[in-house]
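What follows is a set of notes on a single structure, which appears directly below.
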Amino acid sequence: MKALVQYAFRNKLHLSVLSALGAGAWSIFFGIPILWQTVLVVFLVTLSIYQYNRLTDGVEDAYNQPDNLRLAQKNFVAITYIFFYALSLICLVISIAYGLSAFLLTLFIELVGFLYNQKCFPEVLSKMLGGARRLKDIYIVKNLVPPTDWATAMIFLPLVFAGEPIALKAWICWLYIFTCAFFIEVMWDIRDRHGDLLSGIKTIANTFTLYRTKVFLIVSSSVSAIGLFLATYLDVLPQATYFLLSNNVAVMFIASSYHDGLPDAGRWLSDMTILLALLLFASFGAIAYFAH
């Protein structure tokens, strides 16, 4: 059982399943049908991008997650040609049946995931970007790209597949999910900051001090909570969205509690971000259940 759980977390299966369930929960929240095609596409596109990421962070993962890197390299062909290219193609084939907008949005998510992972920028562009060969190499941008993909897949894809417009309510929810995913990204960067430094990747966590990074998380999470509270209080969002505030409290607790002196600090922070992700998706279920 333990080996099965480790396998699921190592391959990010938990995030892929939760993202698919999240798309279903947001469909209920917006009052649209849950399309199995949407749920499947969100699951597959999340799985494909996270799997491909395991192969493309060789320098930093040699320090941060050496066992995971060795397993990924051992399965290079399967990850590259089945889990990334084949699954991405399947998602595009499914999406085209729902119109050009659905196809283009799915293509956008996949293309952004590819450019985030793969060092493919031409030399001229790389020089203009200070040596960056992919989106992950660009300071700050690396923290913004995964939240963009994640929020777009869960909030916008269900609406577009259902032929619904993207209204103000959806944009506010997208922004909130974006910020929550951004907080998780910064926490992962705290865990990985030594490996990122060795590979030459600049992040908020390794350019700020640890103290300033923690303050940044606490303050930005507070601002996000105030914005969500006001949107709910003013009836722009239904009362059920108050459940989402639990995520902001969790971010502030984790940021204030973490310090490098903790026993196995990196593992503690990894476990906390997993719990935060589980809480985030539990709150999606709660708002779906109580929204109508």
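The values are calculated or read from the model by the stated rules, or taken from the named source; none is laboratory data. Given the structure is predicted, the values throughout are model-derived calculations rather than measurements. Glycine also receives a Cβ, built like all others from the backbone with ideal geometry; neighbour counts cover every protein chain displayed.
Observations, loosely collected:
- All helices (runs of 4 or more DSSP H) inside segment 1-74 with 3 or more residues being at pLDDT 85 or above: 13-29, 36-56
- Contact map, segment 216-241: residues that are under 19 Å from A286 (Cβ atoms) paired with residues that are exposed (fewer than 14 other Cβ atoms within 10 Å of the Cβ), Cβ distance under 6 Å, separation 6+ or inter-chain. No pairs are found.
- Some residue of segment 110-128 being more than 25 Å from S199 (Cβ to Cβ), buried (at least 20 other Cβ atoms within 10 Å of the Cβ) and modelled with pLDDT of 90 or more: no
- Among the residues making up segment 91-102, those that are of a type outside the set (S, T, N, Q), surrounded by 15 or more Cβ atoms within 10 Å (Cβ to Cβ) and part of a helix (DSSP H, G or I) are C91, L92, I94, A102.
- Candidates in segment 120-158 are the residues that are charged (D, E, K, R) and in contact with a helix residue (DSSP H, G or I) (Cβ under 7 Å, 6 or more places away or on another chain); of these, the one that is nearest to L47 (Cα to Cα) is D149.
- Condition check for F84 on (1) in a helix (DSSP H, G or I); (2) among the aromatic types (F, W, Y); (3) surrounded by fewer than 16 Cβ atoms within 10 Å (Cβ to Cβ): one failure, at (3).
- Checking each residue in segment 128-150 for being closer than 16 Å to E110 by Cβ and polar (S, T, N, Q) picks out only T148.
This table checks each residue for (1) farther than 28 Å from K119 by Cα; (2) out of contact with any strand residue (DSSP E or B) (no Cβ under 8 Å at 6 or more places or on another chain); (3) not aromatic (F, W, Y).
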| position | (1), (2), (3) |
| --- | --- |
| D196 | no, yes, yes |
| L210 | yes, yes, yes |
| S246 | yes, yes, yes |
| Y258 | yes, yes, no |
| A265 | yes, yes, yes |
| L276 | yes, yes, yes |
| L279 | yes, yes, yes |
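- Residue match in segment 133-143 (condition: among the basic types (K, R) and within 24 Å of I274 (Cβ to Cβ)): yes
- Residue within segment 218-228 that is in a helix (DSSP H, G or I), more than 30 Å from I28 (Cβ to Cβ) and within 20 Å of the chain's Cα centre (by Cα) present: yes
- Residue in segment 236-250 that is more than 17 Å from A25 (Cα to Cα) and buried (at least 19 other Cβ atoms within 10 Å of the Cβ) present: yes
- Residue pairs meeting the criteria (Cβ under 6 Å; at least 6 apart or on separate chains; first free of Cβ contacts under 8 Å to residues at least 40 places away in the same chain and closer than 14 Å to G24 by Cβ, in segment 272-292; second in a helix (DSSP H, G or I) and among the hydrophobic types (A, V, I, L, M, F, W, C)): none
- S256 falls short of the stated requirement of being in contact with a Phe, Trp or Tyr (Cβ under 8 Å, 6 or more places away or on another chain), of a type in the set (G, A, S) and either over 30 Å from G131 (Cβ atoms) or modelled with pLDDT of 85 or more (or both).
- Subset of segment 268-292 [at pLDDT 85 or above and among the small types (G, A, S)]: A277, A282, S283, G285, A286, A288
- Listed here are the helices (runs of 4 or more DSSP H) enclosed by segment 131-217 that have at least 2 residues being crowded, with 20+ Cβ neighbours inside 10 Å and at pLDDT 85 or above: 141-151, 157-161, 168-191, 204-207.
- Qualifying residue in segment 103-119 (condition: free of Cβ contacts under 8 Å to residues at least 40 places away in the same chain, more than 23 Å from I177 (Cα to Cα) and outside any helix (DSSP H, G or I)): no
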